[in-house]
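> I have a structure here, written as structure tokens, and I will follow up with some questions on it.
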There are 4 protein chains.
Amino acid sequence: MAMRLLIDTDTAGDDAFSLLLALRNPKVQLDAITICHGNVTFDQCVENALYTVEAAGRSGEVPVYPGARLPMMRKPLDAAYVFGKDGMSDANYPPAKQRPETRHAVDAIIDTVMAHPGEVTIIAQAPLTNLALAVMKEPAIAQAAKHLWIMGGTDNAVGNVTSAAEFNFYVDPEAAKIVVNAGFKASLLTWTRSMVEGVITSAELDAIAALDTPVSRFFTRVNRDSLAFSRDRQRIDGSIHPDALTCACALDESLVLEAEDCVVDVETAGTLTRGYSSVSSAILPDAADADPDLAPQVPNMRVIKRADRDGFVRMMTDAVR
Amino acid sequence: MAMRLLIDTDTAGDDAFSLLLALRNPKVQLDAITICHGNVTFDQCVENALYTVEAAGRSGEVPVYPGARLPMMRKPLDAAYVFGKDGMSDANYPPAKQRPETRHAVDAIIDTVMAHPGEVTIIAQAPLTNLALAVMKEPAIAQAAKHLWIMGGTDNAVGNVTSAAEFNFYVDPEAAKIVVNAGFKASLLTWTRSMVEGVITSAELDAIAALDTPVSRFFTRVNRDSLAFSRDRQRIDGSIHPDALTCACALDESLVLEAEDCVVDVETAGTLTRGYSSVSSAILPDAADADPDLAPQVPNMRVIKRADRDGFVRMMTDAVR
Amino acid sequence: MAMRLLIDTDTAGDDAFSLLLALRNPKVQLDAITICHGNVTFDQCVENALYTVEAAGRSGEVPVYPGARLPMMRKPLDAAYVFGKDGMSDANYPPAKQRPETRHAVDAIIDTVMAHPGEVTIIAQAPLTNLALAVMKEPAIAQAAKHLWIMGGTDNAVGNVTSAAEFNFYVDPEAAKIVVNAGFKASLLTWTRSMVEGVITSAELDAIAALDTPVSRFFTRVNRDSLAFSRDRQRIDGSIHPDALTCACALDESLVLEAEDCVVDVETAGTLTRGYSSVSSAILPDAADADPDLAPQVPNMRVIKRADRDGFVRMMTDAVR
Amino acid sequence: MAMRLLIDTDTAGDDAFSLLLALRNPKVQLDAITICHGNVTFDQCVENALYTVEAAGRSGEVPVYPGARLPMMRKPLDAAYVFGKDGMSDANYPPAKQRPETRHAVDAIIDTVMAHPGEVTIIAQAPLTNLALAVMKEPAIAQAAKHLWIMGGTDNAVGNVTSAAEFNFYVDPEAAKIVVNAGFKASLLTWTRSMVEGVITSAELDAIAALDTPVSRFFTRVNRDSLAFSRDRQRIDGSIHPDALTCACALDESLVLEAEDCVVDVETAGTLTRGYSSVSSAILPDAADADPDLAPQVPNMRVIKRADRDGFVRMMTDAVR
Ligand SMILES: [Ca+2]
Ligand SMILES: [Ca+2]
Ligand SMILES: [Ca+2]
Ligand SMILES: [Ca+2]
């Protein structure tokens, strides 16, 4: 039986590759793509998702639902410095034939999950505004979803917007806090792991380019700016793929090599730390020892501690063949 | 010419070893030991410092000044779960002959620094309350001190009280924030480095014990509880020495293998992140790209990125011979 | 032409009287009652609204839409200490004949407003969760609504949950912050004014009781606990009617005797001040004088500074005849 | 027996009049004037205090101790828009003969209080930095002081810097929080009361001017800018005297007509509310009813609820005869 999937995405760069993994996998039934504000302008995110469906040869088969155009409490940000103005390394693709649905992403999420209780896996690879609104409107989706994969936050490590915060959580910390505390069966794939197991090396990227299929050409073209940024800024000889790695793990659980049930929460109040993700750790003293004012807490999420990079790269490579 | 030094300490466990490094080094003139609340009860911290001076064979030679008994804004904490009730692995040493000075630590800091402008190195290895009060009372010490070494915070990594915060910064975040922004020429040795280059392995500890000198016996006895905690909790085969590593680097600059001038600041407002230390990073996008609302900032501190563990262990071993 | 109205309410006590004002006014077309969590358990709020429609003799004529059962970020509170366990002074009314709609309150708000652009007045007399979700899902309602009346916050004065915060804003500060900054043409009726012009005196309540109509009996019965609380706690010889006063002003603009366009915002980050409403004031220095770090801001809302208490009491009395 | 007094002041405008009340009162032994940063530049505050001592005919009799030049956590502010550039309505007085002491204000506070346990009344009419440093350095002063009068904060009402905060608390909220929670026997005179009972009307000011004594001329000259600001901004026909009213109440307890023991605390974490003073109120529900997460608290301070304005004006008028 196919795996039912819904992907919430601010489609730009790596978001597109995550979509490819799902769109090109015959064992996956991608019920919906829902769009959240994020990497580039909202309308561009919608277009990028539509074009990606087409590039994957699936035009008209997977509906794309526009959702929240704005974070809850702050101005939207823009990651054009990583992904280019159009989020696709300025490939400036033409509009896809498929057009967006009129139904709102929030309702698409609720209806898809509630129509198939216990069956739908959600991948959240954007700021969590859509998911937060969905679970606020219909709290039952937390129990009804099969599993929620979140790409976001760090594992108590350096972020990618501020020292303290990763993009998806930084852009809408309130939404992130709502979702991680909403009671989903959930897994967190952090920026921290992405910088290790989410890297596709230059050699591997060359191999993908050498495939020279339509989809591999799409991949290589769209990956251009992000690769340049990773090389310049992170001094990594390759590009970083948080969303695609998250999708890969969601599609094939065997890629999760190490994981831990943790207490995850999101800072919404700090002045230096808005969007910081706190992840509990076994090396910390017991709460009661550390500070009697700290309440002990129950793990609310599985945090991925190590993934199978080689397996991920293989899956990505196969998807663009 | 001897190096003028002042150590501010909440003496327990590793604090004592840091004092040993300074007390047993003939090239160091330790002008003052000032006591801050912290690891165990304030009066016990004072006694532990006095006893350590005696154990180092320096009784009566280095004055010990009691300082702030309380953090600025919160109840004091207690790290007896690491260091034993008396902070010395429950060795229950008798009172030392030397008694504490009547002058307040804050004035001892100000007077020592201002009496020798440009000459006094300060090592701050406790919550930063004394230093904050000193620089608030006499802002000129920031320029007049030769260098300030701070053991505290993390390098955007897991803490040792909460996921977000290290003990010294957690106990008095306001004091930490005041001090890191006061304009000292300063170096930060974080908990993050301590867990790597501050580790003395079990084998090395055995070698120290085998010296069987009075000072090595003191070291081994006092280190007992901390070693047990590191093994049980951090799964490290050895004990962790943040304060001694900081002192070692202060005494011998060649132990600093890698360092970076960074923007360091301390979170005082968060609900999950009180005491979090934000450290700027070269892998982050420029502030203006990341978020137009973020102001670019000027580095205020050198952050130690790699220290010479072997060199540190040699220095520590020599100090207890 | 009738005035199109939608009331969002956590129906208990005074919420019911506000509904009466609208339900009993022939010039008002009450398109929808939407229910938000708040004063008592969510399901009880729904029942209270349905019963009130029936008590007003309008059973089956005005749909009641259940909405958000929970605040965005915190546990729901309970004001049973003011309104009794059932929110109706423990009158324990039987279930009404009319049953709640299946459509969600958030969609009812969006659809009602968007179906009649520029025509629908909204009264928000509960925590602002439903409104926040609605404007997050469909930002266009902010421009399309004719006017939004908010009962909530204080005019820089003492609250009714904490010193700093009024109930509706305290229960969901994030929602309040979203709504006041969403761009609605809006008026704020604060708890501060409610304690003055929202008071119906004991003598006036006696006159209402003496009418001895079915609706006046309903009013008197439901008002019992709230009246007792006002007398005991606020030392007011009468009962306080924030929601009804808000509705009265919305229905008859001439009841607004004084008002001022202000910058209104809501504190979400404080430890003592969560839910505090900041209202700009002409007696303050210019922002640039007061603190160069403060940005000058543009008024986003009309704040009612004085209402016509006598006129309100007359309207309320007429409504229960 | 004379009343022992110490005044901590950022001398400008009304600060000077408070000093006059103490300096011109034969029953008061003013042991020390300590200077805190605040209204105008620090050095100008010192000069203004020295000049005021001279203007009161007491040159050389009351020592003036300079203290903290900076708030704990933020840049100093400036209230020149109220008091003129020199804080004295640009009277540009020449330097006084008496010069400042070399001893630090913090030590002057500690030593004065500890030398006469149970005898010294402190009036704090500036940001609370000096007092906070003093009680941090020597916690025993909280018990040893006879009484601490604080001019600062509001009684849950509009501030005078932001809507939420009064100047003294806004400039150094951390210091204010430290002091109100330090265990002093204390009274709070708020900006809220100052705008009522701290007003000297134009007619009364004219009567003061008509006295035409050296001290009344000093008063009238120094009051010029503040009077203009009150008229323009607060639409008050008179000038506002928070510091002088506080001193008057401290000197003559019979001027306190109404007061209440309250829980007072200061917000240091909010984004709109830094420096907000929370004052408990009898009209609020019990903490356990209002929100089970709120802990009930014990009153820590007497809050003045009504003072004798006429008595204050008489005292002020007599002081400048
Ligand atoms: Ca994404
Ligand atoms: Ca220490
Ligand atoms: Ca209500
Ligand atoms: Ca003052």
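The values are calculated or read from the model by the stated rules, or taken from the named source; none is laboratory data. Just so you know, these numbers come straight off a predicted model, no measurement behind them. Heads up, the Cβs are rebuilt from the backbone with ideal geometry, glycines too, and the neighbour counts pull from every protein chain shown. Calculation scope for accessible area: heavy atoms of the full protein, side chains included, ligands and nucleic acids excluded. Shrake-Rupley method; radii C 1.70, N 1.55, O 1.52, S 1.80 Å.
> Where residues in the stretch B:234-274 are more than 10 Å from chain A (Cβ to nearest Cβ) and among the acidic types (Asp, Glu), which of them is farthest from ligand 3 (Cβ to nearest atom)?
From the stretch B:234-274, those more than 10 Å from chain A (Cβ to nearest Cβ) are B:237-261; that's our starting set.
Narrowing further to those that are among the acidic types (Asp, Glu): B:237, B:243, B:252-253, B:258, B:260-261.
Values: B:ASP237: 62, B:ASP243: 57, B:ASP252: 68, B:GLU253: 66, B:GLU258: 60, B:GLU260: 55, B:ASP261: 55 Å.
For the stretch B:234-274, the residue satisfying everything is B:ASP252.
> Just checking, which of D:ASP289, D:ASP318, D:ASP237 is touching a Ser or Thr at 6+ places or on another chain (Cβ under 6 Å), farther than 29 Å from D:MET73 by Cα and acidic (Asp, Glu)? Let's see the steps before the verdict.
Details: D:ASP289 fails: touching a Ser or Thr at 6+ places or on another chain (Cβ under 6 Å); D:ASP318 fails: touching a Ser or Thr at 6+ places or on another chain (Cβ under 6 Å).
After applying the criteria, what remains is D:ASP237.
> List the pairs whose first member sits in the stretch A:182-211 and is of a type in the set (A, V, I, L, M, F, W, C), whose second member is open to solvent by 40 Å² or more (accessible area, probe 1.4 Å), and whose Cβ atoms are under 6 Å apart, counting only residues at least 6 apart or on separate chains?
Cβ pairs passing all conditions: A:ALA209/A:THR220; A:LEU211/A:ARG321.
> Could you run through the stretch B:151-160 and say how many residues are touching a helix residue (DSSP H, G or I) at 6+ places or on another chain (Cβ under 7 Å) and in contact (Cβ under 8 Å) with a residue 40 or more places away in the chain? Break it down into steps so the answer makes sense when it comes.
Within the stretch B:151-160, the first condition is being touching a helix residue (DSSP H, G or I) at 6+ places or on another chain (Cβ under 7 Å), and the residues that meet it are B:151-155, B:157, B:159-160.
With the extra rule that they be in contact (Cβ under 8 Å) with a residue 40 or more places away in the chain, the set shrinks to B:151-155, B:159.
Number of matching residues: 6.
Matching residues to (1) open to solvent by 20 Å² or more (accessible area, probe 1.4 Å); (2) at pLDDT below 95; (3) touching a helix residue (DSSP H, G or I) at 6+ places or on another chain (Cβ under 6 Å); (4) not charged (D, E, K, R):
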position	(1), (2), (3), (4)
C:ALA91	yes, no, yes, yes
C:ASP107	yes, no, no, no
C:VAL135	no, no, yes, yes
C:LEU148	no, no, no, yes
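> Looking at the structure I just gave you, is B:GLN44 within 14 Å of ligand 2 (Cβ to nearest atom), open to solvent by 50 Å² or more (accessible area, probe 1.4 Å) and away from every other protein chain (no Cβ under 14 Å)? Don't jump to the end; show me each part of the working.
Values: within 14 Å of ligand 2 (Cβ to nearest atom): yes; open to solvent by 50 Å² or more (accessible area, probe 1.4 Å): yes; away from every other protein chain (no Cβ under 14 Å): yes.
Yes; evaluated as a whole, the condition is true for this residue.
> Pick out the one residue from A:ASP212, A:ASP206 that is more than 16 Å from ligand 4 (Cβ to nearest atom), within 27 Å of A:LEU257 (Cβ to Cβ) and open to solvent by 10 Å² or more (accessible area, probe 1.4 Å).
Details: A:ASP212 fails: within 27 Å of A:LEU257 (Cβ to Cβ).
One residue alone meets the criteria, A:ASP206.
> Here's a follow-up. Does any residue of the stretch A:154-164 turn out to be away from chain B (no Cβ under 11 Å) and surrounded by 24 or more Cβ atoms within 10 Å (Cβ to Cβ)? Quick ask: steps written out before the conclusion?
In the first step, residues of the stretch A:154-164 are kept if they are away from chain B (no Cβ under 11 Å); the result is none.
Looking through the stretch A:154-164, none of the residues is away from chain B (no Cβ under 11 Å) and surrounded by 24 or more Cβ atoms within 10 Å (Cβ to Cβ).
> Let me confirm something: among C:ARG4, C:ARG69, which residue is in contact (Cβ under 8 Å) with a residue 24 or more places away in the chain and closer than 18 Å to C:PHE167 by Cα?
Working: C:ARG4 fails: closer than 18 Å to C:PHE167 by Cα.
The unique qualifying residue is C:ARG69.
> Okay, next question. Scan the stretch B:16-32 and give yes if some residue there is open to solvent by less than 50 Å² (accessible area, probe 1.4 Å), touching a Gly at 6+ places or on another chain (Cβ under 7 Å), away from chain A (no Cβ under 14 Å) and touching a residue at least 24 places away in the same chain (Cβ under 8 Å), otherwise no.
So in the stretch B:16-32, the residues open to solvent by less than 50 Å² (accessible area, probe 1.4 Å) come out as B:16-23, B:25, B:28, B:30-32.
Keeping just the survivors that are touching a Gly at 6+ places or on another chain (Cβ under 7 Å) gives none.
So far as the stretch B:16-32 goes, no, none of its residues is open to solvent by less than 50 Å² (accessible area, probe 1.4 Å), touching a Gly at 6+ places or on another chain (Cβ under 7 Å), away from chain A (no Cβ under 14 Å) and touching a residue at least 24 places away in the same chain (Cβ under 8 Å).
> Suppose the filter is touching a helix residue (DSSP H, G or I) at 6+ places or on another chain (Cβ under 6 Å) and more than 30 Å from A:THR268 (Cα to Cα); does C:ASP252 pass it?
Numbers: touching a helix residue (DSSP H, G or I) at 6+ places or on another chain (Cβ under 6 Å): no; more than 30 Å from A:THR268 (Cα to Cα): yes.
So C:ASP252 fails the test.
> Anything in the stretch C:285-294 that is open to solvent by 70 Å² or more (accessible area, probe 1.4 Å) and assigned to a loop (DSSP other than H, G, I, E, B)? List them, or say none.
C:ASP286, C:PRO292, C:ASP293
> Can you tell me which residue in the stretch D:126-152 is nearest to the other protein chains (Cβ to nearest Cβ), limited to those that are within 13 Å of ligand 4 (Cβ to nearest atom) and touching a Ser or Thr at 6+ places or on another chain (Cβ under 6 Å)?
D:ASN130
> Here is a list: A:THR220, A:THR190. Which entry is buried (at least 20 other Cβ atoms within 10 Å of the Cβ) and under 26 Å from A:ALA80 (Cβ atoms)? Don't jump to the end; show me each part of the working.
Values: A:THR220 fails: buried (at least 20 other Cβ atoms within 10 Å of the Cβ).
After ruling out the rest, the residue left standing is A:THR190.
> Same structure again: Picking from B:ASP252, B:ASP286, which residue would you name as being among the charged types (D, E, K, R) and within 28 Å of A:ALA157 (Cα to Cα)?
Details: B:ASP252 fails: within 28 Å of A:ALA157 (Cα to Cα).
Only one candidate passes the filter, namely B:ASP286.
> Go through (1) open to solvent by 10 Å² or more (accessible area, probe 1.4 Å); (2) part of a helix (DSSP H, G or I); (3) more than 8 Å from chain A (Cβ to nearest Cβ) for B:MET316 and report which single condition fails.
Going through the list (1) open to solvent by 10 Å² or more (accessible area, probe 1.4 Å); (2) part of a helix (DSSP H, G or I); (3) more than 8 Å from chain A (Cβ to nearest Cβ), B:MET316 breaks only (1).
> Only helices (runs of 4 or more DSSP H) wholly contained in the stretch B:99-153 count here; list those with 3 or more residues that are closer than 16 Å to B:ASP172 by Cβ.
Those helices (runs of 4 or more DSSP H) span B:105-115, B:129-137.
> Looking only at the stretch A:25-67, count every residue that is assigned to a strand (DSSP E or B) and hydrophobic (A, V, I, L, M, F, W, C) and tell me the total. Break it down stepwise before answering.
Quick first cut of the stretch A:25-67, residues assigned to a strand (DSSP E or B) only: A:28-35, A:64-66.
Filter again for hydrophobic (A, V, I, L, M, F, W, C), leaving A:28, A:30, A:32-33, A:35, A:64.
So the count comes out to 6.
> Keeping to the stretch A:262-311, report how many residues are charged (D, E, K, R) and touching a residue at least 12 places away in the same chain (Cβ under 8 Å). If you could, list the steps in order and put the result at the bottom.
We begin by selecting, within the stretch A:262-311, every residue charged (D, E, K, R); these are A:265, A:267, A:274, A:286, A:289, A:291, A:293, A:302, A:305-306, A:308-310.
Imposing the further condition that a residue be touching a residue at least 12 places away in the same chain (Cβ under 8 Å) reduces the set to A:265, A:267, A:274, A:302, A:305-306, A:308-309.
The total comes to 8.
> Same structure, new question: Consider the stretch B:168-187. How many of its residues are buried (at least 24 other Cβ atoms within 10 Å of the Cβ) and either within 16 Å of ligand 3 (Cβ to nearest atom) or over 17 Å from A:LEU272 (Cα atoms) (or both)?
Summing the residues that are buried (at least 24 other Cβ atoms within 10 Å of the Cβ) and either within 16 Å of ligand 3 (Cβ to nearest atom) or over 17 Å from A:LEU272 (Cα atoms) (or both) in the stretch B:168-187 gives 3.
> Out of (1) under 14 Å from A:VAL222 (Cβ atoms); (2) open to solvent by 20 Å² or more (accessible area, probe 1.4 Å); (3) over 17 Å from the mean Cα position of the chain (by Cα), the odd one out for A:GLY84 is which?
The failed condition is (2).
Residue-by-condition table, conditions (1) more than 16 Å from ligand 3 (Cβ to nearest atom); (2) under 17 Å from the mean Cα position of the chain (by Cα); (3) in contact (Cβ under 8 Å) with a residue 40 or more places away in the chain:
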| residue | (1), (2), (3) |
| --- | --- |
| C:GLY13 | no, yes, yes |
| C:THR34 | no, yes, yes |
| C:CYS45 | no, yes, yes |
| C:LYS97 | yes, no, yes |
| C:GLU101 | yes, no, no |
| C:ALA105 | no, yes, yes |
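> Residues in the stretch B:275-284 that are in a loop (DSSP other than H, G, I, E, B) and either farther than 25 Å from C:THR271 by Cα or facing chain A (nearest Cβ under 7 Å) (or both): how many?
First, the residues of the stretch B:275-284 that are in a loop (DSSP other than H, G, I, E, B): B:275-276, B:280-284.
Restricting the remaining residues to those that are either farther than 25 Å from C:THR271 by Cα or facing chain A (nearest Cβ under 7 Å) (or both) gives B:276, B:280-284.
Adding up the residues that qualify gives 6.
> Step by step: first the residues of the stretch D:302-313, then only those that are open to solvent by 10 Å² or more (accessible area, probe 1.4 Å) and closer than 26 Å to C:MET195 by Cβ, then the one that is nearest to the other protein chains (Cβ to nearest Cβ). Which residue is that?
D:LYS305
> Within the stretch C:245-264, which residues are open to solvent by less than 20 Å² (accessible area, probe 1.4 Å) and farther than 11 Å from C:ARG309 by Cα? Write out each step before concluding.
Taking the stretch C:245-264 as the starting set, the residues that turn out to be open to solvent by less than 20 Å² (accessible area, probe 1.4 Å) are C:245-250, C:255, C:262, C:264.
Residues satisfying the conditions are C:THR246, C:CYS247, C:ALA250, C:CYS262, C:VAL264.
> Here is a follow-up. When you scan the stretch C:82-93, do you find a residue that is among the hydroxyl-bearing types (Ser, Thr, Tyr), away from ligand 3 (no atom under 16 Å from the Cβ) and touching a residue at least 40 places away in the same chain (Cβ under 8 Å), even just one? Quick ask: steps written out before the conclusion?
Start the filter on the stretch C:82-93 by keeping residues that are among the hydroxyl-bearing types (Ser, Thr, Tyr), which leaves C:89, C:93.
If we keep only those that are away from ligand 3 (no atom under 16 Å from the Cβ) as well, we get C:93.
When the remaining residues are screened for being touching a residue at least 40 places away in the same chain (Cβ under 8 Å), the result is C:93.
The answer is yes, given that some residue of the stretch C:82-93 is among the hydroxyl-bearing types (Ser, Thr, Tyr), away from ligand 3 (no atom under 16 Å from the Cβ) and touching a residue at least 40 places away in the same chain (Cβ under 8 Å).
> Any residue at all in the stretch B:221-233 that is farther than 28 Å from B:LEU77 by Cα and either free of Cβ contacts under 8 Å to residues at least 60 places away in the same chain or within 14 Å of chain A (Cβ to nearest Cβ) (or both)? Walk me through how you get there before you give the answer.
Applying the first criterion (farther than 28 Å from B:LEU77 by Cα) to the stretch B:221-233 yields none.
Scanning the stretch B:221-233, I find no residue that is farther than 28 Å from B:LEU77 by Cα and either free of Cβ contacts under 8 Å to residues at least 60 places away in the same chain or within 14 Å of chain A (Cβ to nearest Cβ) (or both), so the answer is no.
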